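The structure appears right after this line, and notes come after that.
The values are calculated or read from the model by the stated rules, or taken from the named source; none is laboratory data. None of these values were measured; they are calculated from a predicted model. Using ideal geometry, Cβ is built from the backbone for each residue, glycine included, and neighbour counts are taken over all protein chains shown.
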Amino acid sequence: MNMDFYRKLTIPAEVKQQFPVTTKVEQTVRERRAELISVFEGKSDKLVLIIGPCSADNEDAVLDYIGRLVPVQEKVKDKILIVPRIYTNKPRTTGMGYEGLLHQPDPSGKPDLYKGILATRHMHMRAVEQTGFIVADEMLYPENYKYLDDILGYVAVGARSVENQQHRLTASGIEVPVGMKNPTSGDFHVMLNAIIAAQSPHTFIYRGWEAHSHGNPHTHAILRGYTDKHGNNHPNYHYEDLMLLCDFYDAATLANPGVIIDTNHSNSNKRPLEQPRIINEVLASARHNARIKRLLKGFMVESYIEEGSQHVGDGIYGKSITDPCIGWKDTERLILDMADRL
């Protein structure tokens, strides 16, 4: 075989023993999950805001950022439910570049998946304990969900993973909301097929076990724009796109129809300062049409302490080393302006 097996990694139960949840954390997770699920079930008219760095590369900076969200959440708690992003896996289109905390707990160092697994759980635990938020992560490796299944609040399946059967089947056994992004081609049917699969029960192999899932009724769509055959980015958050998605949802008769709008990536043409404008347009569409208002569950925003991005090794505290983000001042303004428009 053309690979070397370096070492067998620690199992989730061992990591949970090393970083156990406290009674307080269990209560926080239980209460916050119920609040989040109520939005996707249409029992709450709040909007969800999944917000944070493109990738969580520095624990202290990420926790600093999330701590700044705490007083802002208090100001908008009647209208917005904030779910911070702690994205510890970074899918790479070519497989090159920084792959996230899980792979490289030291962005300048060599990959170390054992240390990465521990660092990932430690960062997530600190966030819940210190801020009272439950957080979101992207599911790059389906089998790794068990390392965080007792503390995560939200899971995203990326545009390059949404067609993968193991991602869909694993999502069907997850007990928190899972967002399925449209693929990079923009095909809504691929995304909807993923939602149908994840909302259904399945029998499949998971971590060496024969697993039986019950289906996840809170699986929903994420629109993130798309790329055409010439490599050009195109948005899919406009009024006509949202109406089309409403029609597709009606035809599919899925549970809890819902969509999160990813305001960066191809929707912004990777221009993060466009994110507030995109939110305003989508909110205007929701005010204009009741079907869109019922379908819209919130937004996904890439934001960090410092605006823009940097190269690995530049050493600027709180600045993304992957995709560019909006900075903290614009972030706070975005959240408060969004609340004013609701």
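Test VAL301 against the criterion of being in contact (Cβ under 8 Å) with a residue 12 or more places away in the chain and within 30 Å of LYS43 (Cα to Cα), and give yes or no.
Values: in contact (Cβ under 8 Å) with a residue 12 or more places away in the chain: yes; within 30 Å of LYS43 (Cα to Cα): yes.
So VAL301 passes the test.
Residues in the stretch 201-218 that are under 11 Å from GLU143 (Cβ atoms) and exposed (fewer than 13 other Cβ atoms within 10 Å of the Cβ): ILE205, GLY208, TRP209. Looking at the structure I just gave you, is GLY42 modelled with pLDDT of 95 or more and either touching a helix residue (DSSP H, G or I) at 6+ places or on another chain (Cβ under 7 Å) or at positive phi (or both)? So GLY42 fits the description; yes.
Sort through ILE335, ILE305, ILE316 and tell me the only one that's under 20 Å from the mean Cα position of the chain (by Cα), modelled with pLDDT of 95 or more and in a loop (DSSP other than H, G, I, E, B).
None of the others qualify; the one that does is ILE305.
In the stretch 236-265, what residues are within 26 Å of CYS325 (Cβ to Cβ) and free of Cβ contacts under 8 Å to residues at least 40 places away in the same chain? Hits for the stretch 236-265 are ASP241, VAL259, ILE261, THR263. Restricting attention to the stretch 266-281, the residues being within 21 Å of VAL157 (Cβ to Cβ), part of a helix (DSSP H, G or I) and out of contact with any Ser or Thr (no Cβ under 7 Å at 6 or more places or on another chain) number 1.
Would you call PHE248 within 25 Å of ALA286 (Cα to Cα), of a type in the set (Phe, Trp, Tyr) and more than 20 Å from the chain's Cα centre (by Cα)? Write out each step before concluding.
Details: within 25 Å of ALA286 (Cα to Cα): yes; of a type in the set (Phe, Trp, Tyr): yes; more than 20 Å from the chain's Cα centre (by Cα): yes.
In short, yes.
Somewhere in the stretch 253-265, is a residue modelled with pLDDT under 95 and either of a type in the set (Lys, Arg) or in a strand (DSSP E or B) (or both)? No: zero hits.
From the list ALA156, ALA136, ALA211, ALA198, which one is aliphatic (A, V, I, L, M), touching a Phe, Trp or Tyr at 6+ places or on another chain (Cβ under 7 Å) and under 20 Å from VAL39 (Cα atoms)? Full working, then the answer.
Working: ALA156 fails: touching a Phe, Trp or Tyr at 6+ places or on another chain (Cβ under 7 Å); ALA211 fails: under 20 Å from VAL39 (Cα atoms); ALA198 fails: touching a Phe, Trp or Tyr at 6+ places or on another chain (Cβ under 7 Å).
Only one candidate passes the filter, namely ALA136.
Taking the listed residues GLU35, GLU74, the one that is acidic (Asp, Glu) and in contact with a strand residue (DSSP E or B) (Cβ under 7 Å, 6 or more places away or on another chain) is GLU35, with no other qualifying.
Only one of TYR226, TYR239 is touching a helix residue (DSSP H, G or I) at 6+ places or on another chain (Cβ under 7 Å), more than 15 Å from LEU296 (Cβ to Cβ), among the aromatic types (Phe, Trp, Tyr) and modelled with pLDDT of 95 or more; which? Explain how you work it out, then say what you get.
Values: TYR239 fails: more than 15 Å from LEU296 (Cβ to Cβ).
That would be TYR226, the only listed residue that is touching a helix residue (DSSP H, G or I) at 6+ places or on another chain (Cβ under 7 Å), more than 15 Å from LEU296 (Cβ to Cβ), among the aromatic types (Phe, Trp, Tyr) and modelled with pLDDT of 95 or more.
Just give me the residues in the stretch 15-26 being under 14 Å from THR120 (Cα atoms) and either touching a residue at least 12 places away in the same chain (Cβ under 8 Å) or assigned to a helix (DSSP H, G or I) (or both), in sequence order. Selection gives VAL15, LYS16, GLN18, PHE19.
State yes or no: is ALA34 under 30 Å from LEU296 (Cβ atoms), among the aliphatic types (A, V, I, L, M) and either at pLDDT below 95 or loosely packed, with under 13 Cβ neighbours inside 10 Å (or both)?
Here the answer is yes, as ALA34 does meet what is asked.
Assigned to a helix (DSSP H, G or I), of a type outside the set (Gly, Ala, Ser) and touching a helix residue (DSSP H, G or I) at 6+ places or on another chain (Cβ under 8 Å) - does that describe any residue in the stretch 55-62?
Yes, the stretch 55-62 has at least one match.
Among the residues of the stretch 61-77, the ones that are touching a residue at least 40 places away in the same chain (Cβ under 8 Å) and surrounded by fewer than 22 Cβ atoms within 10 Å (Cβ to Cβ) come to 10 in all.
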